[in-house]
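The values are calculated or read from the model by the stated rules, or taken from the named source; none is laboratory data. A quick note: this is a predicted structure, and the numbers were derived from the prediction, not measured. Positions of Cβ are backbone-derived with ideal geometry, glycine not excepted, and every protein chain shown enters the neighbour counts.
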């Protein structure tokens, strides 16, 4: 599929400045020169960071584009309203919306996390927990953007006291928000020559399931009794049946890891079909 390739996101990102050049200037006409220079500098720096992330896909780059793409969409909508440049603003908004959709696509997640793989590894992203998808993730993103921008913008408008306070508070908040969002990008399934590894730092110690201990891998039935490692993520869960019990160390915030024995586990990859195809290619029994 075309979305399995990096080119759609790269091309879309390259096109981002087209509409912004038309719309952003008029939107900033009433702002002080310092604010105009600051916004222009930050916009080009963000665009460059996103471009580098798309050219060299890595797990960190996934977090970068998933923060910057929605930010560009918000900026495009604001510039359209503030400038009255409907054509340029519409172009910027459409391209930014396309970049946001591509950045959030599961194919993009697999592409970027697999970019950090070693040697013969193949990585597949795991879906984010449902409890975080609707509310907490959006709040964290808003805190990152506001924490990074509000203080410098106030300073550029010569609001020295408020700007200094907002910067002193906002930068640490943005850093914590970035770290929290990045943790969601660090959850993946890894196929290695020896078998299969579930890597979810927030839920368990990385666990290798050797190929000769995997009875089969397939969609989890509704009445499964497998150990649930999905973290409540939506979508099709896969169940891995084992020929012998495995010992897993489960993690909970503020507590020591707990050892659990299981003969079956289930998890929710972003693209279960791709996982099953990859497992079959690696001679892992697929049901």
Which of the residues spanning segment 177-199 are surrounded by 21 or more Cβ atoms within 10 Å (Cβ to Cβ), part of a strand (DSSP E or B) and out of contact with any helix residue (DSSP H, G or I) (no Cβ under 7 Å at 6 or more places or on another chain)?
196, 198
Looking at segment 118-130, can you tell me whether even one residue there is surrounded by fewer than 18 Cβ atoms within 10 Å (Cβ to Cβ) and in a helix (DSSP H, G or I)?
yes
For the structure I just gave you, tell me whether residue 124 is more than 27 Å from residue 171 (Cα to Cα) and in contact with a helix residue (DSSP H, G or I) (Cβ under 8 Å, 6 or more places away or on another chain).
yes
Expected single match for modelled with pLDDT of 95 or more, in contact with a helix residue (DSSP H, G or I) (Cβ under 9 Å, 6 or more places away or on another chain), surrounded by fewer than 16 Cβ atoms within 10 Å (Cβ to Cβ) and at negative phi among 49, 99, 90 is 49
Scan segment 225-249 for residues that are over 23 Å from the mean Cα position of the chain (by Cα) and surrounded by 15 or more Cβ atoms within 10 Å (Cβ to Cβ) and jot them down.
226, 227, 239, 240, 241, 242, 246, 248
Checking residue 275 against (1) within 24 Å of residue 202 (Cα to Cα); (2) within 28 Å of the chain's Cα centre (by Cα); (3) modelled with pLDDT under 95, which single condition isn't satisfied?
(3)
Would you confirm whether any residue within segment 102-111 is without any contact (Cβ under 8 Å) to a residue 12 or more places away in the chain and either surrounded by 20 or more Cβ atoms within 10 Å (Cβ to Cβ) or in a helix (DSSP H, G or I) (or both)?
no
Here is a list of conditions, (1) under 30 Å from residue 126 (Cβ atoms); (2) assigned to a helix (DSSP H, G or I), and residue 43 meets all of them except one; can you say which number that is?
(1)
